[in-house]
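Have a look at the structure below, then the notes.
Just so you know, all these numbers are worked out from the coordinates, no wet-lab data involved. Only a predicted model underlies this, so the values are computations on that prediction, with no experimental measurement involved. Neighbour counts are summed over all protein chains in view; Cβ atoms, including those assigned to glycine, are modelled from backbone coordinates with ideal geometry.
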Amino acid sequence: VLQNLSQTPVLRELLKEAKMPDAKVKIESPELSMEPQLVKLDQPGPLTLAMYQFLTEMQETKKGVVTPKELFAQVCKKAIRFKGYQQQDSHELLRYLLDGMRTEE
């Protein structure tokens, strides 16, 4: 799941912009034929920042191995079921990760 998210340029760019104080993001949707929307973002929460740091590290690392320790800790704070290193489904992680970031907006 994290490898797939790391290869999503739009997500990486939005997280980079969201990290900046008083960031404004322009959202365009040609499919919906609507005017572009300018959205002001609040300061990102700890899960969003951990996701940004992890994706950045995955893109920039030269050592080949990246551990999501801080991101995992933040996910566990939002979803207790991930504590204890039990095996979980990847779609559950994706759901809790994205829902957790959304609630920090």
| note | Residue by residue through the stretch 72-78, the couplings from Karplus 6.51 cos²θ - 1.76 cosθ + 1.60 with θ = phi - 60°, in Hz, x for Gly and Pro, are 4, 4, 5, 4, 4, 5, 7
| note | Of 86, 53, 43, the most mobile residue in a GNM of the chain (C-alpha springs, cutoff 10 Å) is 86
| remark: The set of residues whose placed amide H lies less than 5 Å from the amide H of residue 23, leaving out same-chain residues fewer than 5 positions away, is 41
| query | chymotrypsin sites (Phe, Trp or Tyr not before Pro) within the stretch 72-105: which are DSSP loop residues with at most 14 other Cβ atoms inside 10 Å? | reply | 85
| said: How much length would be gained if the chain were fully extended between residue 25 and residue 69, taking 0.36 nm per residue of separation minus their Cα-Cα distance, in nm to one decimal? | reply: 13.0 nm
| request: Could you run the Karplus curve 6.51 cos²θ - 1.76 cosθ + 1.60 with θ = phi - 60° over the stretch 92-97 and give me ³J(HN,Hα) per residue in whole Hz, x for Gly and Pro? | output: 5, 4, 4, 4, 5, 5
| request: Using a 10 Å Cβ count of at most 16 others and DSSP loop calls, identify the longest part of the chain lacking such trypsin sites (Lys or Arg not before Pro). | output: 1-61
| query | What number in nm² do you get for the chain if you take the convex hull of its Cα atoms and divide its surface by four? | reply | 7.7
| said: Give me a comma-separated list of calculated 3J(HN,Hα) values for the stretch 36-49, in order, Karplus coefficients 6.51, -1.76, 1.60 applied at θ = phi - 60°, integers in Hz, x for any Gly or Pro. | reply: x, 10, 9, 10, 8, 9, 7, 4, x, x, x, 5, 5, 5
